[in-house]
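Trainee: Let me begin by handing over the structure; questions about it come next.
The values are calculated or read from the model by the stated rules, or taken from the named source; none is laboratory data. Everything numeric in this text was worked out from a predicted model, so none of it was measured. Here the Cβ is made from the backbone with ideal geometry for all residues, glycine too, and neighbour counts use every protein chain on show. The area values use the complete protein model at the heavy-atom level, side chains included, leaving out ligands, DNA and RNA. Shrake-Rupley method; radii C 1.70, N 1.55, O 1.52, S 1.80 Å.
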Amino acid sequence: MRSEPVVQVRGLVKRYGTRTAVDGLDLEVGAGTVTAVLGPNGAGKTTTVETCEGYRRPDAGTVRVLGLDPVADAAKLRPRIGVMLQSGGVYTGARAGEMLRHMAKLHAHPLGVDALIERLGLGDCGRTTYRRLSGGQQQRLALAMAVVGRPELVFLDEPTAGLDPQARRSTWDLLRELRADGVSAVLTTHFMDEAEQLADDVVIIDAGRAIAQGSPDELCRGGAENTLRFTGRPGLDVVSLLKALPVDTLAVELTPGTYRITGKIDPQLLATVTSWCAQHGVMPEGIAVERRTLEDVFLELTGKDLRS
Ligand code: ATP
């Protein structure tokens, strides 16, 4: 039996004055999953996540987090969730280690603070005040603060923005371990590889609405085109190859001896290409079917590059 979603958002609307930041958004997060929320700048990701955290009151629609109303039931919800904001929310004069220990004491079954500090490469920063930490260290401390209480659900707003590759990887490892422990996570990110690596589910938001939701696999498989590449002798008769292929398929010799076919690449098309090659005495080498990446899907759906 499928368990209740840990986050259920229906028809969420949130306005700032005359600007509609979130415009009838639906979103569901399954228990024990990592969900990545992707969207161009200003799409409404942070507003949506902050509404789920109880920091903003919806203008319309319903939001349920662990079955509770994040505003009306804030006192019950807070101890059960972990929150990592993009910035702020900390007293900048406190030492990193003290802050984390203090946070741990507020919870009944916290994670081991020393192990967590070590884990996130903050071993040298325990006695350093927050304001003297580097941006990346502040980021990792914020993550530690969000998870130290062993929450059932964590909200992470761009958890690896500004981190070096090694720190990103330890953040990913930590999130995977938390998931293995049954913790659910909602994260916003501008990194497609992060979503592809970590997320069970991806929600793409544009102009305040969720325009696609599914596993990275489902999103990349669905719809448009794939590419098939192979190498053979230079100067093959591409027009003759094209005649053998379904309409709407493109075939080009990219560089001498390198061929690319774009279209709906299915087993039948692969068979047609290899049989054409056999008829023309061509040994196709390095045949590769390349799937769309999340980056391609994002671009198709929003018309925008995620990093723009
Ligand atoms: P980014 O990727 O840049 O962080 P986002 O998808 O998280 O963007 P939001 O921060 O939710 O988007 O902003 C959505 C829209 O609402 C934007 O147009 C933004 O300018 C506007 N907005 C956000 N916060 C406020 C606020 N406090 N007051 C007025 N407008 C706001």
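Trainee: Hey, can you tell me all the residues within the range 131-160 that are touching a residue at least 40 places away in the same chain (Cβ under 8 Å) and outside any helix (DSSP H, G or I)?
Mentor: Of everything in the range 131-160, those that are touching a residue at least 40 places away in the same chain (Cβ under 8 Å) and outside any helix (DSSP H, G or I) turn out to be Val148, Gly149, Arg150, Pro151, Glu152, Leu153, Val154, Phe155, Leu156, Asp157, Glu158, Pro159.
Trainee: A further question follows. If you scan the range 33-57, which residues turn out to be more than 9 Å from the ligand (Cβ to nearest atom) and open to solvent by 10 Å² or more (accessible area, probe 1.4 Å)?
Mentor: Thr33, Gly54, Tyr55, Arg57
Trainee: Going by what's in this entry, would Ala195 be described as open to solvent by 10 Å² or more (accessible area, probe 1.4 Å), within 16 Å of the ligand (Cβ to nearest atom) and closer than 30 Å to Arg119 by Cβ?
Mentor: When the stated conditions are applied, Ala195 does not pass them.
Trainee: Restricting attention to the range 262-308, which residues are closer than 30 Å to Val203 by Cα, touching a Phe, Trp or Tyr at 6+ places or on another chain (Cβ under 8 Å) and of a type in the set (A, V, I, L, M)?
Mentor: If the condition is that a residue be closer than 30 Å to Val203 by Cα, touching a Phe, Trp or Tyr at 6+ places or on another chain (Cβ under 8 Å) and of a type in the set (A, V, I, L, M), then Ala288, Leu306 are the ones that fit.
Trainee: Taking the range 6-32 as the search range and keeping residues that are surrounded by 19 or more Cβ atoms within 10 Å (Cβ to Cβ) and over 17 Å from Asp206 (Cβ atoms), which one is farthest from the ligand (Cβ to nearest atom)?
Mentor: Within the range 6-32, the match that is farthest from the ligand (Cβ to nearest atom) is Val6.
Trainee: Another question, then. Assuming Leu242 fulfils every condition listed in (1) open to solvent by 30 Å² or more (accessible area, probe 1.4 Å); (2) touching a residue at least 24 places away in the same chain (Cβ under 8 Å); (3) out of contact with any Lys or Arg (no Cβ under 8 Å at 6 or more places or on another chain) apart from one, which condition is it?
Mentor: (2)
Trainee: Another question about this same structure. Looking at the range 275-308, which of its residues are part of a helix (DSSP H, G or I) and open to solvent by 60 Å² or more (accessible area, probe 1.4 Å)?
Mentor: Ala278, Gln279, Glu295, Asp296, Leu299, Glu300, Leu301
Trainee: Here are some conditions: (1) within 16 Å of the ligand (Cβ to nearest atom); (2) modelled with pLDDT under 90; (3) surrounded by fewer than 21 Cβ atoms within 10 Å (Cβ to Cβ). Gln139 meets all but one. Which one does it not meet?
Mentor: Gln139 satisfies every listed condition except (3).
Trainee: Taking into account only those residues within the range 179-192 that are at pLDDT 90 or above and part of a helix (DSSP H, G or I), which is surrounded by the most Cβ atoms within 10 Å (Cβ to Cβ)?
Mentor: Checking each candidate, the answer is Arg179.
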